[in-house]
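Visitor: Attaching a single structure in structure tokens format; questions to follow.
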There are 4 protein chains.
Amino acid sequence: MSAGRRSDTALLIIDVINDLDFPGGEKVLPWALRMVERLGPFAARMRRAGVPVIYVNDNFGYWRSNFRDTYAHCTRKGSRGRNVARALKPEPDDYFILKPKHSAFFATSLVPLLEHLGTRKLILAGLATNLCIFFSAHDAHMHEYQLTVLSDCCAAESDDDHDLALSQLQRFLHVRVCRSDEVHLSAKRRRVSAKRPHATKQAPRKKAAPSTS
Amino acid sequence: MSAGRRSDTALLIIDVINDLDFPGGEKVLPWALRMVERLGPFAARMRRAGVPVIYVNDNFGYWRSNFRDTYAHCTRKGSRGRNVARALKPEPDDYFILKPKHSAFFATSLVPLLEHLGTRKLILAGLATNLCIFFSAHDAHMHEYQLTVLSDCCAAESDDDHDLALSQLQRFLHVRVCRSDEVHLSAKRRRVSAKRPHATKQAPRKKAAPSTS
Amino acid sequence: MSAGRRSDTALLIIDVINDLDFPGGEKVLPWALRMVERLGPFAARMRRAGVPVIYVNDNFGYWRSNFRDTYAHCTRKGSRGRNVARALKPEPDDYFILKPKHSAFFATSLVPLLEHLGTRKLILAGLATNLCIFFSAHDAHMHEYQLTVLSDCCAAESDDDHDLALSQLQRFLHVRVCRSDEVHLSAKRRRVSAKRPHATKQAPRKKAAPSTS
Amino acid sequence: MSAGRRSDTALLIIDVINDLDFPGGEKVLPWALRMVERLGPFAARMRRAGVPVIYVNDNFGYWRSNFRDTYAHCTRKGSRGRNVARALKPEPDDYFILKPKHSAFFATSLVPLLEHLGTRKLILAGLATNLCIFFSAHDAHMHEYQLTVLSDCCAAESDDDHDLALSQLQRFLHVRVCRSDEVHLSAKRRRVSAKRPHATKQAPRKKAAPSTS
């Protein structure tokens, strides 16, 4: 329960503890399940490298600052997002912040936490590319954090929404967009670098209509 | 786990879930134990009247948005604040917000929660009168909330610090300061009114050196 | 120099006092000149109806809180945005807020001003549809303002960027998008209503390549 | 009109452009006039040392982001604060920020400006010690700026209010309080240091009832 080592880079995982119980949630699910295959190992790699993993998650209107309850609620039997949330279960040293609105920065303690950690570089992942990732990227940009969005560790209702959001972040805000296997942390300074920034699709489907099981 | 009824008044309880493990904490303890005798029944009265009770509590540097863990930590065997925290244990319908700094408003979701509840009138209670109550009152004033501070439901290291802080809030910000038994909620609109606003001392001690047991 | 009457609706005009001296500014210019033909009369109509007109304008890195200097700078001889800024010159009763970043809400006094005016409904216009209008609409949405964006009173570098931004605001945030001649203020409560919300193009060009003179 | 050199230290001058047209303003005036004798030369010394001077000033309810108008209004014939404001007239390279409430940080662009300047150390001066200086010091503390308050360059309605506010900042927030002639900037890093931090009175009066002319 220590306050954590300092690190110039942090991984923000947005809204993956989610019962996907909203209109369109059924469309997000297959993409989210593919996302999990990339994001789970990537988060593990970050933890091993000493990069703080910060879950910033919607409070879904409950306002009780209890991430554990949120987790229990979203992994209950019958929750559409159960498998996503279980696959991305936070580790004991991860940080949790509950947010009341789309952006991870709006009315939360994210900025003081990042200052506490000495973090200036953010890697963004999670749901949904064109909403909470997008809003959070906007605010991160205004706060002048150096930003990388992982194209294969975000998901949206459709490929089009996903690609469009990423291409807008690249074109208008010059955000670095790359795949998770292109992130290399320098040993000394834990820098984030990507060989070639480019918008890539959601984690590729193996068949046209992804099953959700 | 519902989002709660709307109410134009809310009770904010600041930093009472606290292990008092800081320099001067041993001086706060006896005053806090007296405070509990007033604040416990007052909070119960507010709950019966349908007034939301919002715990806004320091995260003590842990940043993990788990009020339950904070409660467990502060009520552990040997915690100096154990009896205070246990006597003021939150009820299931209460709200919890973890704050990273002195003010209940700084980098928290308090404003969106109050907007969600339709609240414009705040009753402040808790620890310490001259620090977190004081900072929170300042911010409430700038946000133009109508403010009542309960003189017998706050505590500080000493009577002087307590009285001075309350008298400054009255003189400079025209905050209403009254005792908890002077708060009357109108049935219809749950208004807060006090017969005669005045700064009163900390809950009176029966003997000069209050015991902490 | 009075503080102004209260009004539940306000018109926000974003970044039109602008020398357009940035990469792509030459592409924005022709669209901005068309925008002016709609926005000038619309702002005049709002003023006559008693709706506050609030210019929220980039400080362009100068940080000196002098809107007058910004205006002088942007209307100097040789400024690319001279004709746009002159055509939309603020009236004495208009409000000015300088913003340091994209969003009209980020690190500005816009929220206290709107609370001071009693405003809950915002009409957005100005530059550029896909950047500062977009960011400001995001923040207005999180602050729970009721939002209308005027499709014929915003402009961007291209029709595509403009249309895309508006369609995203409609699809993802359910923002009302309409033309300025579709805004009708009810006499009594100055409500904003639009017959049929739909995303429309930038003010239509009469020829393919609009001249800038 | 350049954006300014970076500096780890900045001088914040609060609310000195002020017509003192409020209840108690006549009591502040003589203390403010003594303050000017110290603050004027100190600000000049800071400018020579390359330390940014930032006026953060109440907008007095006008919301028009025109510091020049505020200055003209407060130095008009008959303004009680005319001589104070004229003696502390901003220089062309100074920064101006209008604030809507007590704290220099509340709903203003002060934080982005300080980040732009690379500033982490603030020297506070101005009016009134127990209100806007006090609120601003609170917020500076929560934002983790290193803080020095100049005891002889602040003023309040009375010596008691002034001394009390400074002693509280020292006791509860461990803010450094010193006289302006105790501030020494190291050549290399423009550090602020004070030989011996202590709360001192307002600039000493030469006679019991200072005249205001």
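The values are calculated or read from the model by the stated rules, or taken from the named source; none is laboratory data. Please read these numbers as outputs of a predicted model, since none were measured by experiment. Cβ: placed from backbone, ideal geometry, glycine included. Neighbour counts: every protein chain shown. These area figures cover heavy atoms from the full protein model, side chains too; ligands, DNA and RNA do not enter into them. Shrake-Rupley method; radii C 1.70, N 1.55, O 1.52, S 1.80 Å.
Visitor: Dipole of the protein assembly as shown, Cα-centred, from +1 at each Lys and Arg C-beta and -1 at each Asp and Glu C-beta, to the nearest 20 debye? Numbers along the way, then the final one.
Guide: Numbers: 132 positive and 88 negative charges, 1 e Å.
Dipole magnitude for the protein assembly as shown comes out near 0 debye.
Visitor: Can you give the average number of partner chain beta-carbon atoms within 10 Å of each beta-carbon in peptide D:77-85, as a whole number? Please report the intermediate quantities before stating the final value.
Guide: Working: counts 0, 0, 0, 0, 0, 0, 0, 0, 0.
Neighbouring Cβ atoms belonging to other protein chains average 0 per residue here.
Visitor: So what's the net charge close to residue D:82: Lys and Arg +1, Asp and Glu -1, counting the other residues with Cβ under 10 Å from its Cβ?
Guide: Values: positive: D:76, D:77, D:80, D:86; negative: D:19.
Here the charged neighbours net out to +3.
Visitor: Of the listed pairs B:89/B:121; A:121/C:27; C:99/D:101; C:101/C:121, which have alpha-carbon separations greater than 28 Å here?
Guide: Numbers: B:89/B:121 23 Å; A:121/C:27 33 Å; C:99/D:101 17 Å; C:101/C:121 22 Å.
In this structure, A:121/C:27 exceed 28 Å between Cα atoms.
Visitor: Further question: On the protein heavy atoms, probe 1.4 angstrom, tell me the percent of accessible surface of the protein assembly as shown carried by carbon and sulfur.
Guide: Numbers: 16900 of 33740 Å².
Carbon plus sulfur share of accessible area: 50 percent.
Visitor: With both partners inside the protein assembly as shown, how many of the DSSP beta bridges are antiparallel, as a percent to the nearest 5?
Guide: Numbers: 14 of 110 bridges.
Antiparallel bridges make up about 15 percent of those DSSP assigns within the protein assembly as shown.
Visitor: Within a 10 angstrom radius of each residue's Cβ in D:96-106, how many Cβ atoms of other chains show up on average? Whole number is fine. Working shown, then result.
Guide: Values: counts 5, 6, 6, 4, 9, 8, 6, 3, 0, 3, 7.
Across D:96-106, the average partner-chain Cβ count within 10 Å equals 5.
Visitor: Sum up the charges of everything whose Cβ sits under 12 Å from the Cβ of residue B:104, counting Lys and Arg as +1 and Asp and Glu as -1, but leave residue B:104 out.
Guide: On the way: positive: B:99, B:101; negative: B:15, B:58, B:139.
With Lys, Arg at +1 and Asp, Glu at -1, the neighbours total -1.
Visitor: Would you mind listing the distances between the residue C:49 label point and the same position in each other copy? Use 7 Å along Cα-to-C-beta, nm, one decimal, shortest first.
Guide: Values, ascending and in nm: 4.2, 5.4, 5.5.
Visitor: Still on this model: At a Förster distance of 25 Å, what's the computed FRET efficiency of residue B:77 paired with residue A:93, Cβ-Cβ distance as r, to 0.05? Kindly include the intermediate steps, with their values, before the conclusion.
Guide: Details: r = 25 Å, r/R0 = 1.00.
After rounding, the FRET efficiency stands at 0.50.
Visitor: Treating only the Cβ of Lys, Arg, Asp and Glu as charged (+1, +1, -1, -1), what charge dipole size does region C:9-193 show about its Cα centre? Round to the nearest 20 debye. Show your work: numbers first, answer last.
Guide: Values: 25 positive and 21 negative charges, 142 e Å.
Using only the charged Cβ atoms, the result is roughly 680 debye.
Visitor: For n ≥ 4 DSSP H runs only, could you compute -39500 (n - 2.57) per run for chain B, divide by its residues and tell me the 222 nm figure to the nearest 500?
Guide: On the way: 6 runs with 72 residues, N = 213.
Using -39500 (n - 2.57) per qualifying helix, the result is -10500 deg cm²/dmol.
Visitor: Could you calculate, for region A:9-193, the ratio of the Cα radius of gyration to the Kirkwood radius, expressed as Rg to Rh?
Guide: Details: Rg = 15.0 Å, Rh = 16.2 Å.
Expressed as Rg/Rh, it is 0.93.
Visitor: Here's a follow-up. Among the trypsin sites (Lys or Arg not before Pro) within region C:1-83, which fall in a DSSP loop and have no more than 13 other Cβ atoms within 10 Å of their own Cβ? Provide the component values of the computation, followed by the final result.
Guide: Working: sites: C:5, C:6, C:27, C:34, C:38, C:45, C:47, C:48, C:64, C:68, C:76, C:77, C:80, C:82; in loops: C:5, C:6, C:64, C:76, C:77, C:80.
When the trypsin sites (Lys or Arg not before Pro) of region C:1-83 are filtered for loop state and at most 13 Cβ neighbours within 10 Å, C:5, C:6, C:76, C:77 remain.
Visitor: Would you mind telling me the antiparallel percentage of the DSSP bridges in chain C, rounded to 5?
Guide: Numbers: 3 of 27 bridges.
Percentage antiparallel, nearest 5: 10.
Visitor: With a ≥ b ≥ c the root eigenvalues of the C-alpha gyration tensor of the protein assembly as shown, is it rounded (a/c under 1.5), prolate (a/b larger than b/c) or oblate?
Guide: oblate
Visitor: For an R0 of 45 angstrom, estimate the FRET efficiency from the Cβ-Cβ distance between residue C:5 and residue D:184 and round to the nearest 0.05.
Guide: Values: r = 52 Å, r/R0 = 1.16.
E between residue C:5 and residue D:184, to the nearest 0.05, is 0.30.
Visitor: Still on this model: Just to verify a number: FRET efficiency for residue C:171 and residue B:171, C-beta to C-beta distance, R0 = 45 Å, to 0.05? Kindly include the intermediate steps, with their values, before the conclusion.
Guide: Working: r = 53 Å, r/R0 = 1.19.
The value I calculate is 0.25.
Visitor: Projected onto the charge dipole of region B:9-193 (+1 at Lys/Arg Cβ, -1 at Asp/Glu Cβ, origin at the Cα centre), which of B:131, B:103, B:39 gives the Cα projection farthest towards the positive end?
Guide: B:39
Visitor: Show me you know the interface measure: the accessible area buried between A and B, both chains summed, probe 1.4 Å, in Å² to the nearest 100.
Guide: Working: alone 10740 and 10760 Å², together 18960 Å².
Counting both chains, the buried surface is close to 2500 Å².
Visitor: Just to confirm my numbers, what's the Cα centroid distance between region C:10-40 and region D:39-94 in Å?
Guide: Using only Cα atoms, the two centres lie 33 Å from each other.
Visitor: Nm distances between the label at residue A:21 and the same-position labels in the remaining copies, 7 Å along Cα→Cβ, shortest first?
Guide: Nearest first, the other copies' label points are 3.7, 5.6, 5.8 nm away.
Visitor: When a/c reaches 1.5 or more, the comparison of a/b and b/c decides; with that in mind, is region A:1-65 rounded, prolate or oblate per its Cα gyration tensor?
Guide: Values: a/c = 3.53, a/b = 1.45, b/c = 2.43.
Cα axes put region A:1-65 in the oblate bin.
Visitor: For label points placed 7 Å from Cα toward Cβ, what is the shortest-first list of nm distances from residue C:87 to its copies?
Guide: List, nearest first: 5.1, 5.3, 7.1 nm.
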